[in-house]
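The block underneath contains the structure these notes are about, expressed in structure tokens.
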Amino acid sequence: MADTAKARPLSHSDLLQLKRWNTPTIYNGWEQITRRDAGADAFNIEETHDFMPQMGPMVGYAVTLVIEPSNAAHRTANPNAGAEFRQYIASVPGPKIIVVQDLDKPRVLGSTWGEVSANMFRALGCVGTITDGAIRDLDEMTSAGFKALARRLCVGHAHVHPVRWGCEVEVFGRTVKPDDLIHADKHGFLVIPPEEQPGLLEAARFMDENECTTVIPAARSCEGLSTAQALAGLEQSIAQFGRNLKARFSRQGEW
């Protein structure tokens with residue numbers, strides 16, 4: 001069961017500010033503060049589908065679930081699992097993103113999510129889901145304000161029933177643990193463990209400002225210049241971008 005007394009590294013205001021940027025921009029900030037391999041860690045490895053891109057990014061703390069819709073035996077083994085899972089979700093402070101591992105994949109048969117479940121878990125403080133299985137009732141889920149990244153759409157729910165929850169899961173090739181911070185949009189998702197969360201907002205804000213005051217305006221000012229002048233201006237802006245980055249994070253930058 002989750003530790004409800006644990007203090008969150010980021011405030012609700014911080015999370016709302018993180019929603020200002022897309023997930024790639026948050027990645028740009030994260031790679032400056034992580035000690036992990038920024039080229040291979042934290043983001044989804046397999047392709048995801050954002051079925052509500054018009055809702056923009058979603059940000060929240062991971063709560064986890066494992067399902068196996070093909071197996072009817074789970075309902076008999078623990079008929080109270082649904083209520084127990086909802087109690088787990090209710091015990092964790094939000095905002096929350098339910099991260100679901102579907103044991104049936106890639107042969108996805110049924111969906112945990114639809115109109116009823118989206119409304120129910122939205123009421124329990126969840127802003128959406130990432131599932132490597134399927135979703136259904138797409139329009140109704142959108143109306144409920146419950147965003148979803150999933151493998152595909154489907155028609156039915158098959159024998160969907162909670163198998164286990166509050167545990168480590170793997171979705172789209174990425175391991176997710178409860179209390180990991182999730183930032184997700186149409187590009188995919190980023191998984192930030194608690195120890196890397198405190199500096200994330202500041203790093204993302206810096207990276208966005210650094211781009212917007214160096215390389216981007218230089219590129220947009222090239223009209224009417226000769227090729228040599230344009231290249232000179234771009235090289236100067238790239239050098240300034242790198243100097244800013246090195247001064248802040250002691251790193252040279254991607255350019």
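The values are calculated or read from the model by the stated rules, or taken from the named source; none is laboratory data. All figures in this text were calculated on a predicted structure; none of them were measured in a lab. For neighbour counting, all protein chains shown are included, and Cβ atoms are generated from backbone atoms with ideal geometry for every residue, glycine included.
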## Note on the structure
Per the list (1) closer than 14 Å to Gly128 by Cβ; (2) surrounded by fewer than 21 Cβ atoms within 10 Å (Cβ to Cβ); (3) touching an Asp or Glu at 6+ places or on another chain (Cβ under 9 Å), residue check on Val99 breaks on (2)
### Task
Kindly check whether there is at least one residue in the range 222-240 that is buried (at least 20 other Cβ atoms within 10 Å of the Cβ) and either in the same structural domain as Lys147 (by TED's automatic domain parsing) or under 28 Å from Gly56 (Cβ atoms) (or both).
no
#### Entry: Residues satisfying the stated conditions in the range 19-53, i.e. β-branched (Val, Ile, Thr) and in contact with a Lys or Arg (Cβ under 8 Å, 6 or more places away or on another chain)
Ile45, Thr48
### Any pair with Cβ under 9 angstrom, 6 or more apart, that starts in the range 30-49 at a residue that is part of a loop (DSSP other than H, G, I, E, B) and ends at one that is among the small types (Gly, Ala, Ser) and surrounded by fewer than 14 Cβ atoms within 10 Å (Cβ to Cβ)
Asn44/Gly173; Ile45/Gly173; Glu46/Gly173
### Task
Could you figure out which of (1) assigned to a loop (DSSP other than H, G, I, E, B); (2) in contact (Cβ under 8 Å) with a residue 40 or more places away in the chain; (3) not charged (D, E, K, R) isn't true of Gly94?
(2)
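Would you please name the residue that is surrounded by the most Cβ atoms within 10 Å (Cβ to Cβ), looking only at residues in the range 153-168 that are touching a residue at least 60 places away in the same chain (Cβ under 8 Å) and in contact with a Lys or Arg (Cβ under 8 Å, 6 or more places away or on another chain)?
Out of the qualifying residues, it is His161.
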### Query
Tell me, which helices (runs of 4 or more DSSP H) lie completely within the range 127-238 with 1 or more residues that are β-branched (Val, Ile, Thr) and within 28 Å of Ile45 (Cβ to Cβ)?
138-143
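Quick grid of which residues meet (1) hydroxyl-bearing (Ser, Thr, Tyr); (2) in contact (Cβ under 8 Å) with a residue 60 or more places away in the chain:
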residue: Gly173; (1), (2): no, yes
residue: Pro178; (1), (2): no, yes
residue: Ile192; (1), (2): no, yes
residue: Met207; (1), (2): no, yes
residue: Asn210; (1), (2): no, no
residue: Thr227; (1), (2): yes, no
